[in-house]
């Protein structure tokens with residue numbers, strides 16, 4: 001399995017009795033990425049771990065395996081649970097390093113680099129202001145290593161903050177989570193009222209599995225097996241050649257997942273080259289409130305479909321609903337009106353989306369007796 005996406009909050013800024021605010025995590029081959037952490041995130045993370053222990057059939061979420069906390073933007077329903085969660089991990093004696101990263105504006109980043117006050121036009125929801133505020137509230141004293149990074153992805157300007165020494169350093173590029181080798185974390189600049197981006201997690205093609213049974217049948221020794229596994233052909237004593245490709249199963253194409261955060265539909269920086277297997281996209285408003293969506297740079301369900309089709313997504317999962325939306329059938333009806341053969345699901349809190357190494361997406365809907373695979377057939 002390439003990725004296991006857990007959506008722990010499907011409300012927009014105002015939570016409901018059934019829906020918490022934003023916070024998701026993606027478990028991949030290298031570790032876990034948390035994408036946004038609205039208020040109450042640590043409790044929701046713990047609840048999901050308990051669900052997995054009871055119903056996950058061996059799956060688990062270990063806090064120590066979280067390597068990165070990536071914010072899509074600085075609105076509080078996406079960030080306000082981060083500091084309590086970080087402090088809780090410190091109390092639990094975490095020692096593993098963590099990358100905390102998010103988008104900011106070029107003026108705010110230059111102010112940090114120059115040791116100057118933020119310009120007045122930098123809004124309170126710019127993550128640069130929030131990071132500095134968190135440092136004064138205790139984040140600077142957290143015991144495990146944290147790499148605090150802010151960036152303007154469009155300008156390719158990345159800055160690492162040192163809260164202990166109160167300095168900022170310009171980086172050559174965006175750092176990756178510690179120890180990640182197969183998976184890449186990529187910012188995708190989005191279109192919202194504050195600096196924002198979606199986050200793409202991608203890992204590329206992998207070799208097929210080595211055919212041990214065939215090697216056994218030919219009674220190959222350890223050295224011969226190792227050479228074939230490295231891709232080297234072997235010349236045998238009888239003059240024949242064993243080609244390495246004969247001992248490899250089908251290569252796996254890899255997989256990718258993109259989580260949008262808050263954004264108007266079809267951000268200019270999002271192109272067909274992204275082509276994620278799975279797009280998790282906000283659907284804050286129904287079509288009847290398109291004007292409100294346009295005003296606040298949010299998306300409707302129909303707008304999410306337009307985005308998915310424009311970037312070549314293979315599967316669309318909707319989330320981040322206004323509390324005006326009482327019935328998800330309305331969301332799906334509007335999405336299906338434009339989706340054609342694109343599979344679309346509307347998520348609830350605690351749902352999962354599994355993406356295989358072949359890019360196949362399975363929606364696991366949460367219920368009182370565990371997760372059950374929901375239909376992924378396109379709407380007709």
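Worth a mention:
- Scanning region 21-37 for residues that are touching a helix residue (DSSP H, G or I) at 6+ places or on another chain (Cβ under 7 Å), surrounded by fewer than 24 Cβ atoms within 10 Å (Cβ to Cβ) and in a loop (DSSP other than H, G, I, E, B) gives a single hit, 31.
- Checking each residue in region 186-213 for being in a loop (DSSP other than H, G, I, E, B) and surrounded by fewer than 23 Cβ atoms within 10 Å (Cβ to Cβ) picks out 191, 193, 194, 204, 205, 207, 208, 209, 211.
- Qualifying positions in region 219-242 - surrounded by 13 or more Cβ atoms within 10 Å (Cβ to Cβ), modelled with pLDDT of 90 or more and out of contact with any helix residue (DSSP H, G or I) (no Cβ under 6 Å at 6 or more places or on another chain): 220, 224, 227, 242
- Residues of region 123-162 satisfying the condition of being in a loop (DSSP other than H, G, I, E, B) and more than 26 Å from the chain's Cα centre (by Cα): 137, 138
- Condition check for residue 54: part of a helix (DSSP H, G or I) and surrounded by fewer than 21 Cβ atoms within 10 Å (Cβ to Cβ): yes
- Here residue 179 meets the list (1) in contact with a strand residue (DSSP E or B) (Cβ under 9 Å, 6 or more places away or on another chain); (2) at negative phi; (3) surrounded by fewer than 16 Cβ atoms within 10 Å (Cβ to Cβ) almost entirely, failing just condition (2).
- Residue list for region 22-43, restricted to those being under 21 Å from residue 320 (Cβ atoms) and in contact (Cβ under 8 Å) with a residue 60 or more places away in the chain: 22, 24, 26, 33, 35, 36
- Flag for residue 351 being assigned by TED's automatic domain parsing to the domain that holds residue 303, surrounded by 17 or more Cβ atoms within 10 Å (Cβ to Cβ) and modelled with pLDDT under 95: no
- Selection within region 170-188: residues that are touching a residue at least 24 places away in the same chain (Cβ under 8 Å) and over 22 Å from residue 96 (Cα atoms). The member of this set that is farthest from the chain's Cα centre (by Cα) is 170.
- Taking region 278-297 as the range and being buried (at least 24 other Cβ atoms within 10 Å of the Cβ) and assigned to a loop (DSSP other than H, G, I, E, B) as the test, the residues that pass are 283, 284.
- In this entry, residue 173 passes the filter for residues that are loosely packed, with under 13 Cβ neighbours inside 10 Å and either out of contact with any helix residue (DSSP H, G or I) (no Cβ under 9 Å at 6 or more places or on another chain) or modelled with pLDDT under 95 (or both).
- Index of the failed condition, residue 119 passing every other in (1) more than 21 Å from residue 193 (Cα to Cα); (2) in contact with a helix residue (DSSP H, G or I) (Cβ under 7 Å, 6 or more places away or on another chain); (3) not in a helix (DSSP H, G or I): (1)
- Checked against the criterion of being touching a strand residue (DSSP E or B) at 6+ places or on another chain (Cβ under 6 Å) and surrounded by fewer than 22 Cβ atoms within 10 Å (Cβ to Cβ), the candidates 359, 367, 340, 312 yield just one match: 359.
- Filter pass, residue 93 being surrounded by fewer than 16 Cβ atoms within 10 Å (Cβ to Cβ), closer than 28 Å to residue 153 by Cα and in the same structural domain as residue 29 (by TED's automatic domain parsing): no
- Flag if residue 31 is out of contact with any strand residue (DSSP E or B) (no Cβ under 7 Å at 6 or more places or on another chain) and either modelled with pLDDT under 95 or at positive phi (or both): no
- Selection status of residue 263, within 25 Å of residue 69 (Cβ to Cβ), touching a strand residue (DSSP E or B) at 6+ places or on another chain (Cβ under 7 Å) and either surrounded by 15 or more Cβ atoms within 10 Å (Cβ to Cβ) or not assigned by TED's automatic domain parsing to the domain that holds residue 183 (or both): yes
- Here 109, 200 are screened, and the one residue that is assigned by TED's automatic domain parsing to the domain that holds residue 84, within 21 Å of residue 36 (Cβ to Cβ) and touching a residue at least 60 places away in the same chain (Cβ under 8 Å) is 200.
The values are calculated or read from the model by the stated rules, or taken from the named source; none is laboratory data. What you see is a predicted model, and the numbers here were worked out from it, not measured in a lab. Glycine gets a Cβ as well: all are built from the backbone with ideal geometry, and neighbour counts include every protein chain shown.
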